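Written below as structure tokens is the structure these notes are about.
The values are calculated or read from the model by the stated rules, or taken from the named source; none is laboratory data. All of these numbers come straight from a predicted model, not from anything done at the bench. Quick reminder, even Gly has a Cβ in these numbers, built from the backbone with ideal geometry, and neighbours come from all protein chains shown. What goes into the accessible areas is simple: the full protein's heavy atoms, side chains included, and nothing from ligands, DNA or RNA. Shrake-Rupley method; radii C 1.70, N 1.55, O 1.52, S 1.80 Å.
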Amino acid sequence: MQGRILVVDDEKAMVLALKGLLTKEGYQVETAGGGEEALRRMETGNFHLIITDLSMDGVGGMRVLERARAVDPDLAVIMITAYGSEKIAVQAMKLGAVDYIPKPFDNDEIRVVVRRVMETALLKRDHRRLLEQVQGDFGLGQIIGRSPAIRRVFETIDKVADTDVTVLIRGESGTGKELVANALHYRSARRTKPMIKMNCAALSRELVESELFGHERGAFTGAVARREGKFEAADGGTLFLDEVGDMPLETQAKLLRAIQEKEFERVGGNAPIRVDVRLIAATNHDLEAGVRAGRFREDLYYRLRVVELVIPPLHERREDIPLLVDHFLRDAAKRFHRDVKPLTCEALRACVGHEWKGNVRELRAAVEQALLLASGTEIDTADLIGVTTERQPSVAADLAVPDASSSLSFREAKERTVAAFERAFLLDALRRHGGNITKAAEEVGMYRQNFQQKMRELGISIEKGSDA
């Protein structure tokens, strides 16, 4: 078994004996001839376990324990005590020592205790590394963008992630609703507990209730054994209900009760099951229209919509497209073991001007396909299969894309291209509608408020639809 151990004792014979014994067991062992030396070693040693004598001249074992807890809470400490020091050893365990071994001890006792403690210590380290990796893979870093619209999403996530409030995530298909749900969970106090996901649109009406709440044996044909539902599996963690607008009405009633009472019964069962679950829901449907039509319960709607988080479609945050393209290129190059191929200015302009009805998901697929199939060292417009800017011909003509031979950096060129596109795009829409902001916003698929905000950022006159 691998693992780094620091043996601390001011008796040289004890240090040498323990080092020899534990080295034979496969551990990497370093030694310190006293507490003061141990304190120095801890700062740079990256140890999994410290075995220290309790009573030493100068800096004693309790001080070593205190420092070890401060350096690394996962660093395990075993105390070696003299006969009659058991009370002090118990106090050390209250302060964080994992075990103590009274003198005299035999080698088998040392082997057993060290093996048990080391296994636990290594598991804790692995768990912490996995958690850090998960937080990186599913945290805010996976939601790319700097636009005002996406910054508002970041701000809302930061405000509510560490609470147990129910969040309703809304947005078109492909905008990244699941990424937002991941960020909410992995930035919360529940991040070490399960995050269970269920797509309400992927199951038949008959199976949704069983999938959500579980069932007892014999509850229906084919129920040959008791089955745990998503609510039970998520106990202590988070339950993410994707496409909640597709949930059948009869199941909506049971979901409402589970949210209110924090308990439910399995299908075919009578015993109430209590759970502690944070609920996050997502939909691309107009739930308000569903409520008016009687397809969605109004009381459930308000229970889910305690905090509403709207993910903007990609065409409302076009300034983020160059950042997304760069991120997807680097990610795909790493996963597919390819060199990163930059987009030409014309290809980037095409991406910024394309409709992207499938939103970020469609953009990612297009970039990955282009990276794999492009024959040159750069990705040109022809490599972006299906990407066109036919919807804004006058915008494409107005854009001034920096030439590749200019002295601008790639980032600066992208920023200028995006800014030029946004100005031309908005001015073009305003001209077609005689400066009518409402009609221009409707045509390009933006909310009026977002359209006005973008005009102010670009210095476009709100009154006349011209450059300020």
Restricting attention to segment 275-295, which residues are of a type in the set (Asp, Glu), open to solvent by 60 Å² or more (accessible area, probe 1.4 Å) and over 17 Å from residue 229 (Cβ atoms)? 286
Kindly provide the set of residues from segment 226-276 that are among the β-branched types (Val, Ile, Thr) and outside any helix (DSSP H, G or I), ordered by number. 238, 267, 273, 275
Within the set of pairs 6+ apart or on separate chains, which have a first residue in segment 370-398 that is farther than 17 Å from residue 336 by Cα and modelled with pLDDT under 90, a second that is open to solvent by less than 90 Å² (accessible area, probe 1.4 Å) and among the hydroxyl-bearing types (Ser, Thr, Tyr), and C-beta atoms under 8 Å apart? 387/381; 395/389; 396/389
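In the list 138, 154, which residue meets the criterion of being surrounded by 19 or more Cβ atoms within 10 Å (Cβ to Cβ) and either at pLDDT 95 or above or aromatic (Phe, Trp, Tyr) (or both)?
Working: 154 fails: surrounded by 19 or more Cβ atoms within 10 Å (Cβ to Cβ).
So the residue among 138, 154 that is surrounded by 19 or more Cβ atoms within 10 Å (Cβ to Cβ) and either at pLDDT 95 or above or aromatic (Phe, Trp, Tyr) (or both) is 138.
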Counted residues, segment 88-121 - those being hydroxyl-bearing (Ser, Thr, Tyr) and touching a Ser or Thr at 6+ places or on another chain (Cβ under 7 Å): 1
